[in-house]
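Here is the structure we will look at.
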Amino acid sequence: MTAIGKLMAFLLLAVGLAMMTWAVSAYAQRPGWFDPIPEGGVDKNAQTATFAQLKVEIDALNRSAGVASDVWGTSLKELEAREALRANRLKGFADRNRWARKGNPKDLIDPANPRSGKGFYAPTIDPILKLHDLSADATGKPKGAAILGSDEQPLPGIDTLTDSVSSDLKEMLELAAQISEQRRKFDELSADVVATQKSAGKMNTIRDSVQAELFFLFTFEVNVYETRETVARRQQQLLKRLKALGVANP
């Protein structure tokens, strides 16, 4: 028992010395977690090792997070405003595209024709956004003036123009048929005119011949009259001479 007790006492002494050595070493080389920040500051590339430095870093990160949150909130509002502007402009462009095809039903060229909506408007610039102003007033009319065509009338939608072109083409075909018919009649009348001119030429020739014959006969009648008068005078002269010679009843 004495040997075992001595062994246990020796072991306890050894363990105590080891723990004391560890405690002294731990106290002498304890970590600097609670050390204050050095007066000269800490190098930004140095590893954070104290609670004071962690607190300063946490405060800086909290301030950065607050600034980032404010910036994020402001950016979110700007984004929402831009998305709302984008949606409104998409609607405005969709309206312009629909007007370009079907015409603006709220701005008619002919109030009696519901399909005569104006299709194209001159662009106007928004002085604030510096973009094409797509807004419309309460009546549905945009700010830009309607674009006029070659006839000095507002241009309707493309579909209406297509209908108008089809109608114009049909009318052109009808007019072409009428022109062909009129040309045929013109050819017939031209042939009649040529025949009439030929007849008139022949009639002029006949008239000239008749006038020449009439002139000849008129001259001949005058000669006959003068000849008859001459014969009558000679007869009277002859009778006088016979009576002078003593012929009582020549």
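The values are calculated or read from the model by the stated rules, or taken from the named source; none is laboratory data. Fair warning: this is a prediction, and the values are worked out from it, not measured in the lab. Cβ: placed from backbone, ideal geometry, glycine included. Neighbour counts: every protein chain shown. Just the protein is used for accessible areas: all its heavy atoms, side chains included, with ligands, DNA and RNA removed. Shrake-Rupley method; radii C 1.70, N 1.55, O 1.52, S 1.80 Å.
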- What tally of residues in the range 60-84 results from selecting those that are at pLDDT 90 or above and either surrounded by 13 or more Cβ atoms within 10 Å (Cβ to Cβ) or of a type in the set (A, V, I, L, M, F, W, C) (or both)? 9
- Item | Matching residues, the range 85-107, being part of a helix (DSSP H, G or I), surrounded by 12 or more Cβ atoms within 10 Å (Cβ to Cβ) and of a type in the set (S, T, N, Q) | ASN88
- Message: Checking the structure you have, find out if any residue of the range 186-194 is within 30 Å of LEU155 (Cα to Cα), open to solvent by less than 100 Å² (accessible area, probe 1.4 Å) and at pLDDT 75 or above.
- Response: no
- Under the condition of being modelled with pLDDT under 85 and among the polar types (S, T, N, Q), which residue from the range 136-154 is nearest to the chain's Cα centre (by Cα)? SER150
- Message: Any residue in the range 143-160 that is among the charged types (D, E, K, R) sitting within a Cβ distance under 7 Å of a residue that is surrounded by fewer than 19 Cβ atoms within 10 Å (Cβ to Cβ)? List the pairs, counting only those 6 or more apart or interchain.
- Response: LYS143/THR124; LYS143/ASP133; LYS143/SER135; ASP159/ARG101; ASP159/LYS102
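Would the range 127-144 turn up any residue that is on the phi > 0 side of the Ramachandran plot and either surrounded by 12 or more Cβ atoms within 10 Å (Cβ to Cβ) or in a helix (DSSP H, G or I) (or both)?
We begin by selecting, within the range 127-144, every residue on the phi > 0 side of the Ramachandran plot; these are 130, 140.
Checking which are either surrounded by 12 or more Cβ atoms within 10 Å (Cβ to Cβ) or in a helix (DSSP H, G or I) (or both) leaves us with 140.
There is at least one residue in the range 127-144 that is on the phi > 0 side of the Ramachandran plot and either surrounded by 12 or more Cβ atoms within 10 Å (Cβ to Cβ) or in a helix (DSSP H, G or I) (or both).
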- Which residue pairs have Cβ atoms closer than 7 Å, lie 6 or more positions apart in sequence or on different chains, and pair a first residue in the range 97-120 that is closer than 14 Å to ALA145 by Cβ with a second residue that is in a loop (DSSP other than H, G, I, E, B) and of a type in the set (D, E, K, R)? ASP107/LYS141
